[in-house]
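Written below as structure tokens is the structure these notes are about.
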Amino acid sequence: MRRDYFTCVFLALIAGALAFLCFCPVYFDYLGVIPREFGLLETVLSWTYAVFFLLALPLYAGYARKYWISIGLACYGFLAYAPAWFYPAEEKLVGEGADIISVGLAAFLRGIYCMVNAPFAAISDVTGPEKALAFSKLILPVAVAVPLLIKLIRFYRNAYAQERLDPAAVMSQEVKTKTRKPAKPEVLGTVITAPVNAASPEEVSKQATEQAVKAQTEPAPAPAPAPVAAPPKKVPVDAPPKKERVEAPEEKILLDAPKSPYDDDGVIRL
């Protein structure tokens, strides 16, 4: 699609310029100007061609970011400079040093000159022939400068809008760029560093800052739950009191002493 933009714009410029060659004779010739009268139709078409391809189309290409249109305009604008840059010397066109290649190239470049300047012939009634010839040479710089200018304006407009919406971010970015430490030069060779026993003041302040930030960001530990006492045992009110068991005292049974089998006389009693 982008290639179509380029070819369509380039071919549209050529087709529009060739349409002006039907108004004979050609007003701008490579060898000079051929004076003639301009009709109303040719005058309207000349101004329309100039306004559309020199103002409207470059502005649209820059605003819509269709830079392939600008490239097509720039390629056609290059044709206005080609006759002055590549026209062969007169020695190669006339005399003994003339050759067919130079003659053919000169005829081709004269045709390009007539075609590129033909759309601006009727404008010469207002601006004059010399200024009318300059219109064709404006196509190339306008096709390049207008999109770049629009891109620059859009960049500064977006930067201004961002600063108005969030000025703190812009200020912090500027402070960061100003306070950024320069990069330390790289040391060539082997570097032996002695061990450091005590921390430097910068490291101590850095650790204190990190601990303060950590204390603020981390949530406080939850307190331990208090021990819950066991609920007291419920004693039913209606229950009768328990009777205590009373043990009876032990009774001692006294036995008579055993009787001897002998009598008082020492005889065994049967």
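Just so it is clear, none of the values below were taken in a lab; they were calculated from the coordinates. The shown structure was predicted, so the numbers you read here are calculated from the model rather than taken from an experiment. FYI the Cβ positions are ideal-geometry reconstructions off the backbone, even for glycines, and counts take in every protein chain you see.
Brief remarks on what is shown
- Added length on full extension, which subtracts the Cα-Cα distance from 0.36 nm per residue, L21 to L138: 40.1 nm
- Contour minus Cα-Cα distance for A107 and F86 (0.36 nm per residue): 6.4 nm
- Under the Debye formula (equal points on every Cα, no solvent term), log10 I(q)/I(0) of region 2-153 at q = 0.08, 0.16 Å⁻¹: -0.26, -0.90
- Per DSSP, loop GluC sites (Glu not before Pro) in region 46-128 with at most 15 further Cβ within 10 Å: E96
- Using θ = phi - 60° in the Karplus curve 6.51 cos²θ - 1.76 cosθ + 1.60, the 3J(HN,Hα) couplings for region 26-40 round to 5, 6, 9, 10, 5, 8, x, 9, 9, x, 6, 8, 10, x, 5 Hz; x is entered for Gly and Pro.
- Annotation for region 70-168: chymotrypsin sites (Phe, Trp or Tyr not before Pro) lying in DSSP loop with at most 15 further Cβ atoms inside 10 Å of their Cβ are Y81.
- Using 0.36 nm per residue and subtracting the Cα-Cα separation, the extra length available between A161 and K131 on full extension is 6.7 nm.
- Close amide H pairs (under 5 Å, H built 1.01 Å from N) link D29 with I34, residues at least 5 positions away or on another chain.
- Förster radius 45 Å - calculated FRET efficiency between A98 and Y63 (Cβ-Cβ, nearest 0.05): 0.35
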